[in-house]
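Scroll down for the structure; my scribbles are underneath it.
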Amino acid sequence: MTPATRQEVLGLYRKVLQIAKNWQSASGQIEETMREKEYIRNEARTLFRKNKNVTDPKLIKQCIEECEARIEIGLHYNIPYPRPIHLPPMGLAHKQGRLLRHQEKLRKISKPIYLKSHDEIS
């Protein structure tokens, strides 16, 4: 990891922790605000620790883009949790074989960047 990339990652981590510190839930309830603040801190710790040994520059860039996307979406919609998406069910694919593998590949590719790591730790 280059020093510039390291500084960018540490800056993102500080930014997420600062967002958690100043977070206010949409409902304004104290209990919900505290729960959401704790979720933001725990999610950041988990994901940053999980990816601390990543050395591939492309993968590091992808993780940085995911973090930035989750920050922007969270601030825009005022929810700390990843926004759910709807992908059509695999009802038309055969139970096995090439078509099922192709359908699964398409579903994996169509997943938004901000949900890539969320499914891995959930």
Checklist outcome for this item: Taking segment 55-66 and keeping residues under 17 Å from T2 (Cβ atoms), open to solvent by less than 90 Å² (accessible area, probe 1.4 Å) and touching a residue at least 24 places away in the same chain (Cβ under 8 Å) leaves I60, Q62, C63, I64, E65
Checklist outcome for this item: The lone condition E32 fails out of (1) surrounded by 13 or more Cβ atoms within 10 Å (Cβ to Cβ); (2) in contact with a Ser or Thr (Cβ under 9 Å, 6 or more places away or on another chain); (3) closer than 18 Å to S117 by Cβ is (3)
Checklist entry - If you scan segment 18-37, which residues turn out to be of a type in the set (A, V, I, L, M, F, W, C) and either free of Cβ contacts under 8 Å to residues at least 40 places away in the same chain or part of a helix (DSSP H, G or I) (or both)? => result I19, A20, I30, M34
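Per-residue answers, yes or no, for (1) at pLDDT 95 or above; (2) under 19 Å from the mean Cα position of the chain (by Cα); (3) open to solvent by less than 90 Å² (accessible area, probe 1.4 Å); (4) at negative phi:
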residue	(1), (2), (3), (4)
T46	no, yes, yes, yes
E68	no, yes, yes, yes
I73	no, yes, yes, yes
Y77	no, yes, no, yes
P82	no, yes, yes, yes
Q103	no, no, yes, yes
Checklist outcome for this item: Every listed condition ((1) free of Cβ contacts under 8 Å to residues at least 40 places away in the same chain; (2) open to solvent by less than 50 Å² (accessible area, probe 1.4 Å); (3) under 17 Å from Y81 (Cα atoms); (4) outside any loop (DSSP other than H, G, I, E, B)) holds for R41 save (2)
Item to check | Candidate set from segment 16-29 (those that are more than 16 Å from P82 (Cα to Cα) and open to solvent by 70 Å² or more (accessible area, probe 1.4 Å)); member that is nearest to the chain's Cα centre (by Cα) | outcome: Q18
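The values are calculated or read from the model by the stated rules, or taken from the named source; none is laboratory data. It should be emphasised that the depicted structure is a prediction, and the values quoted were computed from it without experimental measurement. FYI the Cβ positions are ideal-geometry reconstructions off the backbone, even for glycines, and counts take in every protein chain you see. All accessible areas refer to the heavy atoms of the entire protein, side chains included, with ligands and DNA or RNA removed. Shrake-Rupley method; radii C 1.70, N 1.55, O 1.52, S 1.80 Å.
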